[in-house]
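This report concerns only the one structure given below.
The values are calculated or read from the model by the stated rules, or taken from the named source; none is laboratory data. What you see is a predicted model; the values in this text were computed from it and never measured. Positions of Cβ are backbone-derived with ideal geometry, glycine not excepted, and every protein chain shown enters the neighbour counts. For the accessible areas, the whole protein counts, side chains as well, though only heavy atoms, and no ligand, DNA or RNA atoms are used. Shrake-Rupley method; radii C 1.70, N 1.55, O 1.52, S 1.80 Å.
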Amino acid sequence: VKNDNNEIVTLSAKEYVMGVVSAEMPASYHEEALKAQAVAAYTFALYRKEENKDKEYDITTDRSVDQAYD
């Protein structure tokens, strides 16, 4: 992940998806909605990883480019 300070941070897929889901949905949402969001976040991350395979990072924390992440 390339963060807002232009630093490259290595995260596991689980850490990344948990950060995206928590940034995009309140924990009070229905469990199945949170699971669906996790699947969507992971799928998008894999897409961006492939799209950015020639870069030094897979995805950014810039909400205007990629997913929200906390």
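Toward the positive end of the charge dipole of the chain, with +1 on the Cβ of Lys and Arg and -1 on the Cβ of Asp and Glu, the farthest Cα among Leu34, Val65, Asn5 is that of Leu34.
Here the gap between Ser28 and Lys49, fully extended at 0.36 nm per residue and compared with their Cα-Cα distance, gives a gain of 4.6 nm. Calculated mean residue ellipticity at 222 nm for the chain: -15500 deg cm²/dmol, from DSSP H runs with n ≥ 4 weighted as -39500 (n - 2.57), summed, divided by the residue count and rounded to 500. Net charge dipole, the chain: roughly 120 debye, given to the nearest 20, about the Cα centre with Cβ charges of +1 for Lys and Arg and -1 for Asp and Glu.
Debye-formula intensities of the chain, expressed as log10 I(q)/I(0) at q = 0.12, 0.15 Å⁻¹, are -0.30, -0.46 (one equal scatterer per alpha-carbon, no solvent). Of Arg63, Arg48, the order by accessible heavy-atom surface (1.4 Å probe, DNA, RNA and ligands excluded), from most exposed downward, is Arg63, Arg48.
Cross-link partners for Lys35 among the lysines, with Cα-Cα distance under 26 Å and sequence neighbours closer than 8 places in the same chain left out: Lys2, Lys14, Lys49.
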